[in-house]
Amino acid sequence: MTVRTGQQYIDELNDGREVWYAGERVEDVSTCAEFRPTIESVAHLYDMQHDPAHRDVLVADSEEFGESIGRAFEFPRTAEQLRLKREAYITWAESNCGMLGRSPDFLNVMVAALAAKRDFFAAGGEERAQAVADYYRHIASKDLFLTHALLDPQLDKGKLRHEQSDPGICLRQVDQNADGIVLDGIKRIATVAPIADEILVWPFPPTFQAGEEDYANVFAIPMNTPGLKTVCRPSFTRHGAARDFPLSSRFDEMDATVIFDNVLVPWERVFINRNIPLLNRMYRDSRMREYTAHQTNARLEVKLGFVYALAVRLAEAQGLAQKPDIMEMLGEAAVRVEVIRSTTRSAELQASVDSENGLLYPDLYALQAGRALGPVYYPELVNMVRKMGGGALMQQPVSMAEFDAPTGVAMEKALRGADISGQSKSQLLKLAWDICGSEFGSRHVLYEMNYAGERSALLAGVQREYGRKQAWLDHLDGFLDAL
Ligand SMILES: Cc1cc2nc3c(=O)[nH]c(=O)nc-3n(C[C@H](O)[C@H](O)[C@H](O)COP(=O)(O)OP(=O)(O)OC[C@H]3O[C@@H](n4cnc5c(N)ncnc54)[C@H](O)[C@@H]3O)c2cc1C
């Protein structure tokens, strides 16, 4: 049983995994310059679990394990446990300003959610249910860090997977034997894949149709499984002082395409096998969303609060913070932070016990509101930062060290603001650029717009499943009847 330290996490990364960057195989991801800064940021999260200031929130004494586990792994039975889960998500997110979207807690709570619904998987056979339960115990007891890949390559959306010009592009089962199933094909987009311990694959969206059975498999394997290749996008890590690249020097989560070249997945790691009805129900009936959205909304609260605070400081730096139109804009930002902040707390207050497993689930509808609004709010707040930065964003020195160069005195005058030195204002603007102008910043806007899936599909799902709909309709109909 382990609550890992950062060093333990780093030490286990050089495991022979096949990661490709810029056409070359990365020999050791743990020392690769493109990944190392983010690895250190993740390692810091693990170290926080051992910090007396955070331990009681980040670590749980588990009934299931009889020992300590990371808080995200805990099955919540009480309102206090649910609150502590949220506190743990927020504590980790604060250490990276909410910029690590795929910190380990995200997938850890997802796997806990799947295991909490062990009986759901039993519909595909008792072995599959046991595999899910054993996998949960495996990653919780080793405190592992997972990536996940859901989607197929974009290809032709008008055709099913097996109808594509090459039916072998999308990941599918090509064989099976006594040891497991053999998979071949491609999945995307696996954020943090190069620096994670394992990958969980579950095909999405849950709209599989007859004929696509070979593609309907849910499983998890270590990143060093033979035949698994990870191909990276260009790195957005900026090498330099944290003062010059406050976020992009530390928090770039690499996104990757994962290629399966006849990969053997052992039976004990197969959770759903060629089972379309079960796969199509998994997203909803496993109730994973209640637990994962609790984490993602808590993280987003931290990120929005951070961007809001930056917009306020930029307004102050220009002596604009009390101007009515700027106050109105900043008020709009504050309201957005509060809406997202309210979703987790409201979901906890309206939590209910699932009679199947006795666990407490935060309210889905409150959480879905956050998932649907986040993709709108985050770009709006980033735009406020862009507006407040104005042309000064284009006046920044290459390095903050230039304030000590011969041109430093002039730069100090050129960048000075209201009650703020040129150097301090420049520091704010360097941060602003990382949020609203850099490649790192652009990727974050794209991330918030997409990480919970395509937004129109999410909203259609909200309308389809909205559990309070009938009560609202009854109220309306009652009012009309009484006229
Ligand atoms: C930074 C980042 C990180 C990510 N990390 C992960 C990860 O860790 N794991 C993972 O599994 N996934 C990840 N994703 C993938 C993410 O879930 C998808 O990008 C998201 O679900 C959107 O799917 P898509 O990219 O296929 O876009 P599409 O669904 O192809 O959408 C592209 C455009 O086409 C439109 N469109 C799509 N279908 C239709 C239709 N039928 N009719 C009309 N218009 C349509 C959409 O509205 C959109 O404008 C990540 C994405 C990003 C951007």
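Throughout, read-outs are computed from the coordinates displayed, never taken from laboratory work. Quantities reported herein were computed from a predicted structural model and do not represent experimental measurements. Every residue, glycine as well, gets a Cβ built from its backbone with ideal geometry; the counts of neighbours run over all protein chains shown.
Pairs spanning more than 31 Å between alpha-carbon atoms, out of K85/K157; K142/K303; K387/K413; K85/K229; K159/K229; K157/K229: K85/K157; K85/K229. Here the chain is scanned for trypsin sites (Lys or Arg not before Pro) in DSSP loops (not H, G, I, E, B) that have at most 11 other Cβ atoms within 10 Å, and the longest stretch holding none of them is 160-467. Ordering S346, S249, S456 from the fewest to the most neighbouring beta carbons within 10 Å gives S456, S346, S249. Shown for F219, F208: other C-beta atoms within 10 Å of each C-beta, ranked fewest to most, produce the order F208, F219.
Between the beta carbons of A418 and R243, assuming R0 = 25 Å, the FRET efficiency works out to 0.70 to the nearest 0.05. Here E356, E380 are placed in order of increasing Cβ neighbour count within 10 Å, fewest first, which gives E356, E380.
Among residues other than T344 whose Cβ falls under 14 Å from its Cβ, what is the net charge (Lys/Arg +1, Asp/Glu -1)?
Net charge in that neighbourhood comes out at +2.
Once divided by 2.2 N^0.38 Å, the Cα radius of gyration of the chain becomes 1.03.
Hand me the GluC sites (Glu not before Pro) from the stretch 42-141 located in a DSSP loop with no more than 10 other Cβ atoms within 10 Å, in residue order please. If you can, show how the numbers build up before the last one.
On the way: sites: E63, E64, E67, E74, E80, E87, E94, E126, E127; in loops: E63, E64, E67, E74.
Hits after loop and neighbour filter: E63.
Measuring r between the beta carbons of A210 and L459 and using R0 = 25 Å, the FRET efficiency lands at 0.35.
Counting Lys and Arg as +1 and Asp and Glu as -1, what is the net charge of the other residues whose Cβ lies under 13 Å from the Cβ of G6?
-4
The distance from the alpha carbon centre of the stretch 281-332 to that of the stretch 11-75 is 26 Å, rounded to a whole number. In the stretch 287-452, the ratio of gyration radius to Kirkwood radius, Rg to Rh, stands at 1.12 when only Cα atoms are counted.
Placing unit charges on the Cβ atoms only, positive for Lys and Arg and negative for Asp and Glu, gives the stretch 6-283 a dipole magnitude near 820 debye about its Cα centre.
Rounded to the nearest 20, the size of the Cβ-charge dipole of the chain about its Cα centre is 1220 debye, with Lys and Arg at +1 and Asp and Glu at -1.
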